[in-house]
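First the structure, in the form of structure tokens, and then the observations on it.
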Amino acid sequence: MILSRRNLLVGTGAIAASTLAPAASAAQLKAIGLQLYTVRDLFAKDPAGTLAQIARIGYREVEFGGGGYDAMDHAMLRRTMDRLGLTAPSVHIGYDALLGQFDRSVTMAKTLGAATVVLPYMTDEHRTEQGWAAALPNIDRFAADLKKAGLGFAYHNHDFEFTIRPGGVSLYDRLLRETDSALVKLELDLYWAAHAGQDLPALIGRLSPRLYAYHVKDMRPDRSMTAVGQGTIDFGALFALKGSAGVRHFYVENDQAPAPYLPDVTTSFRTLRALRF
């Protein structure tokens, strides 16, 4: 991967010099996070041991998601993170849980020390014009009720939000237009947006006021997932964009990381730790 800020292509968009954040010297990520879905099989078997291995790699933030974490002892997980010097700024909680177990979801997030709840995925029944129209008011309500509980809210994308376009309007654009921009923030999965054919620099510029976090995973020329640094996405150029200035968290994720998983997330961590932009 070329880590230059000049004359680069990312996804389908050329990055103009005017969109790069001004910097007297190269910036570096201060805290690199890991979405625990990447190591879900390990985490399900040995959550405390997996967190310890993640901390040894150098990660200082984790984002809970998958691995059955919602049924675990959350106080134990918090104690383990405190001991290891890890924090969990955000947690992934599903639509059905927020709809039917809201109070429990709030308690779980707060016990883990999270400040933001992220809606990670919408299943097939929501991916129609009627289903999406029914879900959007609930998404708005989740965000408002979480604010009352002292928590933020963000939506995490896959590719379908961009590629499914009832009436010619993408589900993602409907989300942007029909939810409260002050409350419904965005966790932009850079891989899935690129996979959907989005112009990443243009998209980041458009979403900038609502961007909360990035999911950082790389894409091979055949569009399959790979560890950061092993694919074609120029993260240095993306992170240098003015539109990225408000992004608070950078979570490594690889939905398809090969067993034994830890080498993959180590490669991603080391790539991001060496990145200058």
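The values are calculated or read from the model by the stated rules, or taken from the named source; none is laboratory data. Note that the structure is a prediction, hence the values are computed from the model and not measured. Ideal geometry is used to build each Cβ from the backbone, glycine not excepted, and the neighbour counts take in all protein chains shown. For the accessible areas, the whole protein counts, side chains as well, though only heavy atoms, and no ligand, DNA or RNA atoms are used. Shrake-Rupley method; radii C 1.70, N 1.55, O 1.52, S 1.80 Å.
Residues that are open to solvent by 30 Å² or more (accessible area, probe 1.4 Å) and hydroxyl-bearing (Ser, Thr, Tyr) were ranked within region 73-113; the one that is farthest from ALA52 (Cα to Cα) is THR107.
Confirm whether ASP70 is buried (at least 18 other Cβ atoms within 10 Å of the Cβ), over 24 Å from ALA194 (Cβ atoms) and at pLDDT 95 or above. Write out each step before concluding.
Details: buried (at least 18 other Cβ atoms within 10 Å of the Cβ): yes; over 24 Å from ALA194 (Cβ atoms): yes; at pLDDT 95 or above: yes.
Here the answer is yes, as ASP70 does meet what is asked.
On the basis of being modelled with pLDDT of 95 or more and closer than 29 Å to ALA196 by Cα, does VAL39 make the cut? Considered against the rule, which asks whether it is modelled with pLDDT of 95 or more and closer than 29 Å to ALA196 by Cα, VAL39 comes out as yes. In the set (1) modelled with pLDDT under 95; (2) open to solvent by less than 50 Å² (accessible area, probe 1.4 Å), PRO47 fails one condition alone, (1). Within region 141-176, restricting attention to residues that are without any contact (Cβ under 8 Å) to a residue 12 or more places away in the chain and assigned to a helix (DSSP H, G or I), the residue that is most open to solvent (accessible area, probe 1.4 Å) is LYS148. Scanning region 83-106 for residues that are part of a helix (DSSP H, G or I) and touching a residue at least 24 places away in the same chain (Cβ under 8 Å) returns LEU84, TYR95, ALA97, LEU98, LEU99, PHE102, VAL106.
Would you confirm whether any residue within region 232-239 is closer than 25 Å to LEU119 by Cα and out of contact with any Leu (no Cβ under 7 Å at 6 or more places or on another chain)?
Yes, because at least one residue in region 232-239 is closer than 25 Å to LEU119 by Cα and out of contact with any Leu (no Cβ under 7 Å at 6 or more places or on another chain).
For region 177-201, how many residues meet the condition of being buried (at least 17 other Cβ atoms within 10 Å of the Cβ) and not in a loop (DSSP other than H, G, I, E, B)? Total meeting the criteria: 14.
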